[in-house]
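Q: Quick one: the structure is below, and I'll ask about it shortly.
The values are calculated or read from the model by the stated rules, or taken from the named source; none is laboratory data. Computed from a predicted structure; not experimentally measured. Reconstructed Cβ throughout: ideal geometry from the backbone, glycine too, with neighbour counts over all protein chains shown.
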Amino acid sequence: MSEATLLEVRQLSYAYPNFHLGAVNFSLHRGELLAIVGPNASGKSTLLHLLAGLLEPQAGAVLIDGRPVRSLPLRERACRIALVQQESPLLFPIRVLPFVLQGRHARLGMLGLETPQDVAVAHRALDITRSGALADRLVQELSGGERQRVVLARALAQQPELLLLDEPTLHLDIGFQTELMRLVQGLARRELHGIALVTHELNLAAEFADTVLLLRQGRPLRYGPPAEVFERELLEEVFATELDVLVHPETGRPRVVLRPEGGGAPEPKAD
Amino acid sequence: MTAAVLTRTHIVRVCLTLSGVLFLLSFAALLVGAADLPAKEVGAALWSGLTGADGIVSMEHRAIVLNVRLPRILLAIIVGAALSVAGAGYQALLRNPLADPFVLGVSSGAALGALFSLFVASVLAPAAAFLGALATIAAVYYLGQRRAELAPYTLLLAGIVVASFLSGLIVFLLYWLSGRDLRGFVFWLMGDLSNPPAPMAMLWLGLVILGAIAAVYYVAGDLNLLLSGETEAEALGVNVRRTKMVVYLAASLATGLAVSVSGSIGYVGLLVPHLVRLIFGSDYRLLVPAAALSGAVVMVAADTLARTVLAPSELPVGAVMALAGAPVFIYLLRTRLAAGAEGAAR
């Protein structure tokens, strides 16, 4: 079951004026966590929007369970795919529980009000994200870490199969970053969501992701397990800075560190 | 269950309460005016109007209640509800807490349309006002964008500039219309309820505006999500384009019709939705009906003041609303929009 292909991306491309993305190929299984990394303006968020079905591909296809995402009716799409954006500006004060209940919108009737079942789903989403105690608070008053968890809870309330996260650890300190990534990893492992997340934190990607897709200026450079993607020469070229890639002695996963200035030839990768 | 979740019972309870307030206020408004009438006389006049019963009230009092005060109060109810819901709708459509038909220049556009129609046939006034409203909000929406995104302050400035431009055009038109009742026009432009339409026209006006309010209510759940941005809303399953079109048409229809019968009354669309949010929260599924009823309450109160404070002379109700609304606008500008702009910039 965990090996079942959820999302398949074939020869996907997209273009803005002065920017071209593609051609991207990968597949994402249920229970898999994919990290999309790359320098600024490499098309990561655009790719995420394409996966969410919010943009029409210029060519190629995004298939969820074999069906093009853009062919799904809006509401069905929102029941299967959840997107957590970088920032959700809020115009008017809203409490956490009603905010999380917005995730149920696609499952309500047109004038529908949430049923006790919807409320139960929202509470469960809050529990999973360890924010049950926040239910009564105003979203505007939450700290960055709390707010990120609540936004994630709203996405979980959609009960999606595919969860797309755009820089979920932005503005979070290292403690919250790891906590959030553990949570996200748990969602893939235990709830079997397929998860694709965009991040600038190479080491978080290396530590938690099953697969990594490296993009630069819209071109996919490498796709595979972290150890295959995080190669020193490749990363140095992509990020135009001198780096070392070490290997964590316990997990065996790669670690990207800055090379000290004036440092000699990099040591070979530790075993 | 800790935090309050919106339930049908709650919505019904709020609407019944507000309807009760509206009823009592309207009855009180029937009592006061150039001649103060006792409640018993007013009750008898209403009863005779309803049943055709004779001899229970003097003809003079009957005429004051049924032909003078009641139509005016009904008009206040319709216009207040229309402008409040239009304001709430524009606030979500433009994601701007200070949006309101008056501030955005939509009322001026509707007034200009209505004035234009006077050169052709005055029965066209409501339709022309609707078109004027549609064209104005489209222009403001276009001018209020920066790099394809709505910028809160740019939008407001665009509204103010468009409104002043349209006011210039209106004065220009008045030059040709000046042979007619100029004082009447000036009052109408400031917002005035002293010339209610005939009963049948009023019925139609009420029904169409009710339809426009129902249309906004139909997408109320979608509007909640639209407030966090279009991409966000679409990802949560909202048909953004359809929702925006419904609100754009319905709010402009409500504004256009209201302006064609009452002139441009300011600040109702701004003041009322915010008061309702403060008291009942910002969920549009409750906000839309509550704003309609509260708008009616506020307008009946304002118009009653307008026709009693200087009795037997009258103020245009727009002047009363502006005196009350401008300070609230400043308050919101310094609190809500500042907070909203911060939220957007973060």
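Q: Restrict the check to the stretch B:134-147 and report whether at least one residue is more than 14 Å from chain A (Cβ to nearest Cβ), assigned to a loop (DSSP other than H, G, I, E, B) and among the charged types (D, E, K, R).
A: No, the stretch B:134-147 contains no residue that is more than 14 Å from chain A (Cβ to nearest Cβ), assigned to a loop (DSSP other than H, G, I, E, B) and among the charged types (D, E, K, R).
Q: What are the residue pairs meeting all of these: first residue in the stretch A:137-150, first residue closer than 11 Å to residue A:93 by Cβ, second residue in a strand (DSSP E or B), Cβ atoms under 9 Å, and 6 or more apart or on different chains?
A: Partner pairs satisfying both residue conditions: A:137/A:95; A:138/A:95; A:139/A:95.
Q: Separate question: Residue A:53 versus (1) in a helix (DSSP H, G or I); (2) at the interface with chain B (Cβ under 9 Å from one of its Cβ atoms); (3) within 21 Å of the chain's Cα centre (by Cα): which is the lone unmet condition?
A: With (1) in a helix (DSSP H, G or I); (2) at the interface with chain B (Cβ under 9 Å from one of its Cβ atoms); (3) within 21 Å of the chain's Cα centre (by Cα) applied to residue A:53, the lone miss is (1).
Q: Among the residues of the stretch B:84-94, is any in contact with a helix residue (DSSP H, G or I) (Cβ under 9 Å, 6 or more places away or on another chain), under 22 Å from residue B:23 (Cα atoms) and not aliphatic (A, V, I, L, M)?
A: yes
Q: Determine the pairs where a residue that is assigned to a loop (DSSP other than H, G, I, E, B), located within the stretch A:172-191, has a partner that is charged (D, E, K, R) with Cβ atoms under 9 Å apart, the partner being 6 or more residues away or on another chain.
A: What qualifies is A:172/A:179.
Q: Test residue A:172 against the stated conditions and say whether it is surrounded by 15 or more Cβ atoms within 10 Å (Cβ to Cβ), of a type in the set (A, V, I, L, M, F, W, C) and over 24 Å from residue A:139 (Cα atoms).
A: no
Q: Then there is this: Quickly run through the stretch B:169-185 and pick out the residues that are at pLDDT 80 or above and either surrounded by 12 or more Cβ atoms within 10 Å (Cβ to Cβ) or among the charged types (D, E, K, R) (or both).
A: If the condition is that a residue be at pLDDT 80 or above and either surrounded by 12 or more Cβ atoms within 10 Å (Cβ to Cβ) or among the charged types (D, E, K, R) (or both), then B:169, B:170, B:173, B:174 are the ones that fit.
Q: If you don't mind, another one. Test residue B:17 against the stated conditions and say whether it is closer than 30 Å to residue A:124 by Cα and either in a helix (DSSP H, G or I) or aromatic (Phe, Trp, Tyr) (or both).
A: no
Q: Right, here's the next one. Which count do you get for residues in the stretch B:262-281 that are surrounded by fewer than 24 Cβ atoms within 10 Å (Cβ to Cβ) and within 20 Å of residue B:214 (Cβ to Cβ)?
A: So the count comes out to 1.
Q: Quickly run through the stretch B:231-249 and pick out the residues that are surrounded by fewer than 24 Cβ atoms within 10 Å (Cβ to Cβ), in contact (Cβ under 8 Å) with a residue 12 or more places away in the chain and under 30 Å from residue B:164 (Cβ atoms).
A: B:244, B:246, B:248, B:249
Conditions (1) more than 9 Å from chain B (Cβ to nearest Cβ); (2) part of a loop (DSSP other than H, G, I, E, B); (3) out of contact with any strand residue (DSSP E or B) (no Cβ under 6 Å at 6 or more places or on another chain), marked per residue:
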site: A:45; (1), (2), (3): yes, no, no
site: A:48; (1), (2), (3): yes, no, no
site: A:57; (1), (2), (3): yes, yes, no
site: A:60; (1), (2), (3): yes, no, no
site: A:63; (1), (2), (3): yes, no, no
site: A:70; (1), (2), (3): yes, no, yes
site: A:77; (1), (2), (3): no, no, yes
site: A:82; (1), (2), (3): no, no, no
site: A:87; (1), (2), (3): no, yes, yes
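Q: Inside the stretch A:102-131, can you point out the residues that are more than 7 Å from chain B (Cβ to nearest Cβ), in contact (Cβ under 8 Å) with a residue 40 or more places away in the chain and aliphatic (A, V, I, L, M)?
A: The answer is A:128, and nothing else.
Q: How about the stretch B:158-267: which helices (runs of 4 or more DSSP H) wholly inside it have at least 2 residues that are within 14 Å of another protein chain (Cβ to nearest Cβ) and touching a strand residue (DSSP E or B) at 6+ places or on another chain (Cβ under 9 Å)?
A: B:230-235
Q: Within the set of pairs 6+ apart or on separate chains, which have a first residue in the stretch A:245-265 that is modelled with pLDDT of 90 or more, a second that is among the aromatic types (Phe, Trp, Tyr), and C-beta atoms under 6 Å apart?
A: A:245/A:230; A:254/A:230
Q: Same structure, new question: Taking into account only those residues within the stretch B:116-137 that are of a type in the set (Ser, Thr, Tyr) and surrounded by fewer than 24 Cβ atoms within 10 Å (Cβ to Cβ), which is modelled with the highest pLDDT?
A: B:117
Q: Another one. On the given criteria, is residue B:49 in contact with a helix residue (DSSP H, G or I) (Cβ under 8 Å, 6 or more places away or on another chain), more than 14 Å from chain A (Cβ to nearest Cβ) and of a type outside the set (Ser, Thr, Tyr)?
A: Against the criterion (in contact with a helix residue (DSSP H, G or I) (Cβ under 8 Å, 6 or more places away or on another chain), more than 14 Å from chain A (Cβ to nearest Cβ) and of a type outside the set (Ser, Thr, Tyr)), residue B:49 qualifies.
Q: Now for a different question. Against the conditions (1) within 14 Å of chain B (Cβ to nearest Cβ); (2) touching a strand residue (DSSP E or B) at 6+ places or on another chain (Cβ under 8 Å); (3) crowded, with 20+ Cβ neighbours inside 10 Å, where does residue A:153 fall short? Just the number, please.
A: (2)
Q: Here's a follow-up. Among (1) assigned to a loop (DSSP other than H, G, I, E, B); (2) within 14 Å of chain A (Cβ to nearest Cβ); (3) buried (at least 18 other Cβ atoms within 10 Å of the Cβ), which single condition is residue B:4 missing?
A: For residue B:4, the exception is condition (3).
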